[in-house]
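> Shown below is the structure under consideration.
The values are calculated or read from the model by the stated rules, or taken from the named source; none is laboratory data. Remember, predicted model here, so these are calculated numbers, not experimental data. When we count neighbours, we look across all protein chains shown, and the Cβ atoms used for this are built from the backbone with ideal geometry, even at glycine. We work out accessible area using only protein heavy atoms, side chains counted, and drop any ligands, DNA or RNA first. Shrake-Rupley method; radii C 1.70, N 1.55, O 1.52, S 1.80 Å.
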Amino acid sequence: MNYKIALIPGDGIGPEVVAETVKVLNKINEKYSHQFEYKKVLAGGCAIDETGSCLPQETIDICKASDAVLLGAVGGWKWDTLPGDQRPERALLGLRKELGLFANLRPAILFDELADACPLKPEIVQGGLDIVVVRELTGGIYFGEKGFKETDLGPAAYDVEQYAEEEVRRIALVAFDMAMKRNKKVTSVDKANVLESSRLWRRVVAEVSKDYPKVTLDNLYIDNATMQMVKNPKQFDVIVTSNIFGDILSDEASMITGSIGMLPSASLAKGNFGMYEPVHGSAPDIAGQNKSNPMAAVLSAAMMLRYTFGLSDEADAIEAAVKKVLAGGYRTPDIYTEGMKAIGTAEAGDLIANAI
């Protein structure tokens, strides 16, 4: 099979981890007789430097003409002084909107080999963790009306949190469908005791749940959910929540697994199209030093194979290869502990590719 993949290496360590991911995908090509056609495009700070825009129209057009998008990371210190609407990170919001990427899936998996890296007490996470945060990605406060106005207390700024019923319904369907393939439990997180938008959210999620009688639905307020994530994370299976709450919860979930450098993500549109990226940022402090961990990007590619291309065996092969490398005691700097075998970015990519 032939698949077109738009590559957005981006900034900082993005190009490094994307390069190693391509190395692994090429190994999948050899073993399973597929053909991945790559086309590199610009987004983020590097796009600003070259074109003056963080998201050139050419990038949008090529992404739309592709079967999937694989992204490294965007942003960095170099562009921190730019106005908010011109910063590299705006490229992510633009891509989500232009590509219709309304559902963000962020698995938080505690690998057995990395249990010691978890900051929680061993008894809390005994047996491992496997949580998926399903985050609504194109609505809510990040995309709502914004502006400035004069008030009795002087100049003020505002950002509007707004959700339509259909926006909630479609993300709820993603969460319940995923729960049916897992442990049949959904936790919906909102702030329905205060926010009108959350009350609508809770009502629509409850309506969707009626079509999934085998799935248990729990509701938590966001403040309680953040506490429960560190107190008893094993209670969670699939978490569904709004854009801003999902941003917070998915980062918290990633940190309790020990390393943000190990966690992938998928942003999905209707149908099979998706954009896949590691959860970690651009990490400009280690860029170009062969210190970054490419495993999150590689695991993001495995999600791409599974969710967009329907290649489950190939996705399993990548995930098994990552586990094999970890079981062999190989560690990049972010997950290194005494007694392990220290490796760099390129060597990690080689090891994973060779393990397939």
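> Look through V160, V205 and report the one residue that is at pLDDT 95 or above, among the aliphatic types (A, V, I, L, M) and within 24 Å of S265 (Cα to Cα). Reasoning before the result, please.
Values: V160 fails: within 24 Å of S265 (Cα to Cα).
When all the criteria are applied, what remains is V205.
> I would also like to ask the following. Residues of segment 320-352 being on the phi > 0 side of the Ramachandran plot and touching a Lys or Arg at 6+ places or on another chain (Cβ under 7 Å), which ones?
Result: G329, single match.
> Moving to a separate point now. Out of (1) modelled with pLDDT of 95 or more; (2) more than 23 Å from P264 (Cα to Cα); (3) of a type in the set (S, T, Y), what's the single condition that is false for T81?
Failed condition: (1).
> Counting only residues that are surrounded by 16 or more Cβ atoms within 10 Å (Cβ to Cβ) and not aromatic (F, W, Y), which one in segment 325-335 is nearest to E30 (Cα to Cα)?
Checked segment 325-335; the qualifying residue nearest to E30 (Cα to Cα) is V325.
> Out of (1) of a type in the set (D, E, K, R); (2) farther than 23 Å from V132 by Cβ; (3) crowded, with 16+ Cβ neighbours inside 10 Å, what's the single condition that is false for R306?
(2)
> Could you please find all residues in segment 191-250 being among the β-branched types (V, I, T), within 21 Å of R169 (Cβ to Cβ) and either assigned to a loop (DSSP other than H, G, I, E, B) or open to solvent by 30 Å² or more (accessible area, probe 1.4 Å) (or both)?
To start, the set of residues in segment 191-250 that are among the β-branched types (V, I, T) comprises 194, 204-205, 208, 215-216, 222, 226, 230, 238-241, 244, 248.
Applying the additional criterion that residues be within 21 Å of R169 (Cβ to Cβ) yields 204-205, 208, 215-216, 222, 238-241, 244.
Answer for segment 191-250, where residues must be among the β-branched types (V, I, T), within 21 Å of R169 (Cβ to Cβ) and either assigned to a loop (DSSP other than H, G, I, E, B) or open to solvent by 30 Å² or more (accessible area, probe 1.4 Å) (or both): V215, T216, I244.
> Same structure again: If we keep just the residues of segment 71-93 that are over 16 Å from Y142 (Cα atoms) and hydrophobic (A, V, I, L, M, F, W, C), which is farthest from the chain's Cα centre (by Cα)?
The extreme case among them is L82.
> Same structure, new question: Looking at (1) part of a helix (DSSP H, G or I); (2) surrounded by fewer than 18 Cβ atoms within 10 Å (Cβ to Cβ), can you tell me which one P119 breaks?
(1)
> Would you check if D350 is part of a helix (DSSP H, G or I), out of contact with any helix residue (DSSP H, G or I) (no Cβ under 6 Å at 6 or more places or on another chain), open to solvent by 10 Å² or more (accessible area, probe 1.4 Å) and under 30 Å from D177 (Cβ atoms)? Talk me through it step by step, then tell me what you get.
Working: part of a helix (DSSP H, G or I): yes; out of contact with any helix residue (DSSP H, G or I) (no Cβ under 6 Å at 6 or more places or on another chain): yes; open to solvent by 10 Å² or more (accessible area, probe 1.4 Å): yes; under 30 Å from D177 (Cβ atoms): no.
No: the conditions fail for D350.
> Something else now. Please tell me if G45 is crowded, with 22+ Cβ neighbours inside 10 Å and under 24 Å from L299 (Cα atoms).
So G45 fails the test.
> State whether the residues of segment 147-160 include one that is under 29 Å from M303 (Cβ atoms) and either touching a helix residue (DSSP H, G or I) at 6+ places or on another chain (Cβ under 7 Å) or not acidic (D, E) (or both). Can you show your working first?
Step one: list which residues in segment 147-160 are under 29 Å from M303 (Cβ atoms), which gives none.
Checking segment 147-160: not a single residue is under 29 Å from M303 (Cβ atoms) and either touching a helix residue (DSSP H, G or I) at 6+ places or on another chain (Cβ under 7 Å) or not acidic (D, E) (or both).
> May I pose another question? Has segment 94-116 got at least one residue that is assigned to a helix (DSSP H, G or I), within 16 Å of the chain's Cα centre (by Cα) and touching a residue at least 60 places away in the same chain (Cβ under 8 Å)?
yes
> Identify the single condition in (1) part of a helix (DSSP H, G or I); (2) crowded, with 20+ Cβ neighbours inside 10 Å that A19 does not satisfy, given that it satisfies every other one.
The number of the failed condition is (2).
> Residues of segment 267-292 being crowded, with 22+ Cβ neighbours inside 10 Å and farther than 19 Å from R331 by Cα, which ones? Talk me through it step by step, then tell me what you get.
Taking segment 267-292 as the starting set, the residues that turn out to be crowded, with 22+ Cβ neighbours inside 10 Å are 267-268, 274-280, 282-283, 292.
Within segment 267-292, S267, L268, G274, M275, Y276, E277, S282 meet the criteria.
Listed here are the residues, each with its yes/no results for (1) within 15 Å of P264 (Cβ to Cβ); (2) aromatic (F, W, Y); (3) modelled with pLDDT of 95 or more; (4) in contact with a Cys (Cβ under 7 Å, 6 or more places away or on another chain).
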{"site": "V279", "(1), (2), (3), (4)": "yes, no, no, no"}
{"site": "Q289", "(1), (2), (3), (4)": "no, no, yes, no"}
{"site": "S292", "(1), (2), (3), (4)": "yes, no, yes, no"}
{"site": "L299", "(1), (2), (3), (4)": "yes, no, yes, no"}
{"site": "M303", "(1), (2), (3), (4)": "yes, no, yes, no"}
{"site": "Y307", "(1), (2), (3), (4)": "yes, yes, no, no"}
{"site": "L311", "(1), (2), (3), (4)": "no, no, yes, no"}
{"site": "I318", "(1), (2), (3), (4)": "yes, no, yes, no"}
{"site": "A321", "(1), (2), (3), (4)": "yes, no, yes, no"}
